[in-house]
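A.B. asks: I'd like to ask you about the structure that follows.
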Amino acid sequence: MKIGILSLGRTLYSTRRLREAAMARGHEVRVIDYLRCTMHVTPREAAVIYRGSPLKLDAVIPRIGSTHTFYGTAVVRQFEMLGVATANHAGSIVLARDKLRSMQVLAREGVDLPVTGFAHSIKDTQALIDRVGGAPLVIKLVEGTQGVGVVLASSNSAAESVISAFRQLKADILVQEYIEESKGSDTRALVVGGKVVAAMRRQAPPGEFRSNLHRGGSARKLDLRPEEEALAVRAAQTIGLDVAGVDMIPSARGALVLEVNASPGLEGIEGATGVDVAGAIVEYVERRVAGDGA
């Protein structure tokens, strides 16, 4: 089978592992810079052109960066038009990238989340702070990734200052309750084809509340409780993702979903758990091509 990995970096760990896993299973694999793809959009001769030639693939695994969501998902959508199996659908990737909209969809479907507020005018700042229970609280850029643009405000006055500064920069933000009992830890569950294939507990370093591994956090393998596993699968399915990293945080009222990621990194979770997550993704793509997947 011919598989294309849509990625801007062939040397990135996740891209490399997916390529290795696919080749180990006997597939022909190409790493494709999706920004170099052009699209021929007609009813009869639709095509994806890469470096001058139409791509003929059985499946694609999208690894679309947050800064190129619009174009990257347009390429994925073009492959879908051509009947090529995709590990994740373009519309679901777009939804996952929109933090506010994805949280609205999760909340609508009854998925447990931290209390979250969103406002446009700085005149409504105090009401927004009160709505999430006051300080300490977390302020997040809607477009942030890997812990970038996430601030813990320890007082209401600090929260007002941060919110005002972000709004002056025309940045869209979310204000979220701080789950103190999590003690700087969260859970990443890797969901593939409706099943959790690996999970890890991430812990923030001393003096930091963000547990992202890129920010010095540590990780260890975790066996999820049945209710946590069900929550992760439900969150991924609600967003429409077949391959997803679901971030959850422990709280006094049970696990809460923080975010659903459409292009989860594989290095941290494979290193912490020893699970061949890349192989699980390739196996799922095989089922999709065979007509056995979602």
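A.B. asks: Based on this model, can you work out whether GLY26 counts as surrounded by fewer than 13 Cβ atoms within 10 Å (Cβ to Cβ) and either among the hydrophobic types (A, V, I, L, M, F, W, C) or at pLDDT below 95 (or both)?
C.D. replies: no
A.B. asks: Sticking with this one: Which of the residues belonging to region 263-279 are surrounded by fewer than 18 Cβ atoms within 10 Å (Cβ to Cβ) and assigned to a helix (DSSP H, G or I)?
C.D. replies: Correct list: GLU267, GLY271.
A.B. asks: Suppose the filter is out of contact with any Ser or Thr (no Cβ under 8 Å at 6 or more places or on another chain), in a loop (DSSP other than H, G, I, E, B) and either of a type outside the set (Lys, Arg) or not assigned by TED's automatic domain parsing to the domain that holds GLU20 (or both); does ARG234 pass it? Write out each step before concluding.
C.D. replies: Values: out of contact with any Ser or Thr (no Cβ under 8 Å at 6 or more places or on another chain): yes; in a loop (DSSP other than H, G, I, E, B): no; either of a type outside the set (Lys, Arg) or not assigned by TED's automatic domain parsing to the domain that holds GLU20 (or both): yes.
Against the criterion (out of contact with any Ser or Thr (no Cβ under 8 Å at 6 or more places or on another chain), in a loop (DSSP other than H, G, I, E, B) and either of a type outside the set (Lys, Arg) or not assigned by TED's automatic domain parsing to the domain that holds GLU20 (or both)), ARG234 does not qualify.
A.B. asks: Can you confirm whether VAL75 is surrounded by 17 or more Cβ atoms within 10 Å (Cβ to Cβ) and touching a Cys at 6+ places or on another chain (Cβ under 7 Å)? Spell out the reasoning first.
C.D. replies: Details: surrounded by 17 or more Cβ atoms within 10 Å (Cβ to Cβ): yes; touching a Cys at 6+ places or on another chain (Cβ under 7 Å): yes.
Against the criterion (surrounded by 17 or more Cβ atoms within 10 Å (Cβ to Cβ) and touching a Cys at 6+ places or on another chain (Cβ under 7 Å)), VAL75 qualifies.
A.B. asks: Within region 199-212, is there a residue that is at pLDDT 95 or above and either touching a Cys at 6+ places or on another chain (Cβ under 6 Å) or surrounded by 14 or more Cβ atoms within 10 Å (Cβ to Cβ) (or both)?
C.D. replies: Looking for residues that are at pLDDT 95 or above and either touching a Cys at 6+ places or on another chain (Cβ under 6 Å) or surrounded by 14 or more Cβ atoms within 10 Å (Cβ to Cβ) (or both), one finds at least one in region 199-212, hence yes.
A.B. asks: Scan (1) of a type in the set (D, E, K, R); (2) within 26 Å of LEU57 (Cα to Cα); (3) under 13 Å from the mean Cα position of the chain (by Cα) for the single condition ASP276 breaks and write down its number.
C.D. replies: (3)
A.B. asks: Hey, does region 117-127 have a residue that's exposed (fewer than 15 other Cβ atoms within 10 Å of the Cβ), within 15 Å of the chain's Cα centre (by Cα) and on the phi < 0 side of the Ramachandran plot? Spell out how you get there, then give the answer.
C.D. replies: Going residue by residue through region 117-127, those that are exposed (fewer than 15 other Cβ atoms within 10 Å of the Cβ) are 120-121, 123-124, 126-127.
Okay, now just the ones that are also within 15 Å of the chain's Cα centre (by Cα), so none.
Checked region 117-127: no residue is exposed (fewer than 15 other Cβ atoms within 10 Å of the Cβ), within 15 Å of the chain's Cα centre (by Cα) and on the phi < 0 side of the Ramachandran plot.
A.B. asks: Same structure again: Of (1) of a type in the set (A, V, I, L, M, F, W, C); (2) exposed (fewer than 15 other Cβ atoms within 10 Å of the Cβ); (3) out of contact with any His (no Cβ under 7 Å at 6 or more places or on another chain), LEU35 satisfies all except one. Which?
C.D. replies: (3)
A.B. asks: Going by what's in this entry, would ARG253 be described as under 19 Å from GLU109 (Cα atoms), at pLDDT below 95 and not hydrophobic (A, V, I, L, M, F, W, C)?
C.D. replies: When the stated conditions are applied, ARG253 passes them.
Quick grid of which residues meet (1) at pLDDT below 85; (2) more than 30 Å from VAL282 (Cβ to Cβ); (3) of a type in the set (A, V, I, L, M):
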site	(1), (2), (3)
GLY83	no, no, no
ALA107	no, yes, yes
ASP124	yes, yes, no
ALA127	yes, yes, yes
ALA135	yes, yes, yes
VAL142	yes, yes, yes
ALA165	yes, yes, yes
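The values are calculated or read from the model by the stated rules, or taken from the named source; none is laboratory data. Only a predicted model underlies this, so the values are computations on that prediction, with no experimental measurement involved. A quick note on method: Cβ atoms are made from the backbone with ideal geometry, for glycine too, and the neighbour counts reach across all protein chains shown.
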